[in-house]
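Q: Sharing a structure, written as structure tokens. Questions coming.
Bear in mind that the values in this text are calculations on the coordinates, not laboratory data. Please read all numbers here as calculations on a predicted model, not as lab measurements. Glycine also receives a Cβ, built like all others from the backbone with ideal geometry; neighbour counts cover every protein chain displayed.
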């Protein structure tokens, strides 16, 4: 209002007039929608490459989406929640006590929904390599296409960790990196959301060990009847973008985890 008057657009204007003008133009300046722009110059090519793996599984292969869920907090509520009643929302005590944190290392098999996981206190390169050794044991043959983001421990580093890892396993692992600021391309994020909503969000934990046990118990239960988030999305009418015939794409997969 003040700017409009100072700029000479109007001599005076009431607040109700401003509300009416904004409403007629369907402008809501009090609401903000966030977004994050990816500066990756190969955004389209990388997304297409990963989505093609989701939609068309190569022969004698498996596609695993790998990521970490760090900082899972074991929060102990001071008092239990009060259940919802007719006309009243559920009530939750604001005060809580922190009982520690855990980091979940997770591999989600895209086409079957199976989940492999480890919980621990830290998220270091050594933790991830140790977890990936277990993954290699679970998938001893065939090509393993690995989808993950651009976290530093997902690359070789000074010790060539993923080059050496791949050499130990016959070069069977192909690493596919999501575009920068596009971790949503990774299907394991869908599983993390399910875990958070169905097991963690409303829970109270007396220790980080209790938190770890609940997470691993949930995953054990999930694996009794695993669900592919890819199948769920496509069966509900969702579609994924694919490269059109003859459209050139730049391969971003690599056998080692080194930056180029």
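Q: Modelling each spin label as a point 7 Å along the Cα-to-Cβ direction, I'd like the residue 84/residue 221 distance in nm, to one decimal.
A: So the two model labels end up 2.0 nm from each other.
Q: Taking 30 Å as R0, compute the FRET efficiency from the Cβ-Cβ separation of residue 52 and residue 151 and round it to 0.05.
A: On the way: r = 23 Å, r/R0 = 0.77.
Using R0 = 30 Å, I get an efficiency of 0.85.
Q: Counting other beta carbons within 10 Å of each Cβ, put 154, 111, 37 in order, fewest first. Present the calculation step by step, with values, prior to reporting the outcome.
A: Numbers: 154 21, 111 17, 37 8.
Least to most surrounded, the residues fall as 37, 111, 154.
Q: Another question about this same structure. Mind running the shape call on segment 1-138? Use the C-alpha gyration tensor, a ≥ b ≥ c as the square roots of the eigenvalues: rounded below 1.5 for a/c, prolate if a/b tops b/c, oblate otherwise. Could the numbers behind the result be given before it?
A: On the way: a/c = 2.83, a/b = 1.57, b/c = 1.80.
Oblate shape, in that a/c is at least 1.5 and b/c is the bigger or equal ratio.
Q: Using the Cα gyration tensor of segment 62-130, with a ≥ b ≥ c the square roots of its eigenvalues, what is the shape: rounded (a/c below 1.5), prolate (a/b larger than b/c) or oblate (neither)? List each step's numbers first, then the result.
A: On the way: a/c = 5.14, a/b = 1.79, b/c = 2.87.
Note, shape of segment 62-130 comes out oblate.
Q: Quick check on the exposure proxy: order 162, 35 from fewest to most C-beta atoms within 10 angstrom.
A: 35, 162
Q: Which value at 222 nm does the chain reach when only helices count, each DSSP H run of 4 or more adding -39,500 (n - 2.57), with the total divided by all residues and rounded to the nearest 500 deg cm²/dmol?
A: Numbers: 8 runs with 82 residues, N = 260.
Here the helix-only value at 222 nm equals -9500 deg cm²/dmol.
Q: Testing the spin-label approximation: label points 7 Å from Cα along Cα→Cβ at residue 4 and residue 61. State their distance in nm.
A: According to this spin-label approximation, the distance is 5.8 nm.
Q: Report the extension gain between residue 201 and residue 97 in nm, rounded to one decimal, defined as 0.36 nm multiplied by the number of residues separating them, less their alpha carbon distance. Mind showing how you got there, number by number?
A: Values: separation 104, 0.36 × 104 = 37.44 nm, distance 1.51 nm.
Computed gain between residue 201 and residue 97 is 35.9 nm.
Q: Between residue 159 and residue 181, with labels modelled 7 Å along Cα→Cβ, what's the label distance in nm to one decimal, could you check?
A: 3.3
Q: Is segment 43-235 best put as rounded, prolate or oblate by its Cα gyration tensor, with a ≥ b ≥ c the root eigenvalues, rounded for a/c under 1.5, and otherwise prolate when a/b is larger than b/c, oblate when not? Could the numbers behind the result be given before it?
A: Working: a/c = 2.22, a/b = 1.66, b/c = 1.34.
Judged from the Cα gyration tensor, segment 43-235 comes out prolate (a/c at least 1.5, a/b above b/c).
Q: To continue, here is another question. With 10 angstrom as the radius, rank 21, 50 by how many other C-beta atoms surround their C-beta, starting from the fewest.
A: Least crowded to most crowded, the residues run 21, 50.
Q: May I ask for the angle, rounded to the nearest 10°, between helix 15-24 and the longest principal axis of the chain, with both axes built from Cα atoms and the value confined to 0 to 90°?
A: The answer is roughly 50 degrees.
Q: If I stretch the segment between residue 143 and residue 77 completely, what's the gain in nm (0.36 nm per residue apart, minus their alpha carbon distance), one decimal? Each step should come with its number before you reach the end.
A: Values: separation 66, 0.36 × 66 = 23.76 nm, distance 4.58 nm.
Net length gain for the segment: 19.2 nm.
Q: Then there is this: Just to confirm my numbers, what's the Cα centroid distance between segment 47-85 and segment 160-226 in Å?
A: Their Cα centres are 6 Å away from one another.
Q: Taking the chain as the reference, fit the longest principal axis to its C-alpha atoms, fit the long axis of helix 43-55 to the helix C-alpha atoms, and give the angle between the two in degrees, 0 to 90, nearest 10.
A: Its long axis makes an angle of about 60 degrees.
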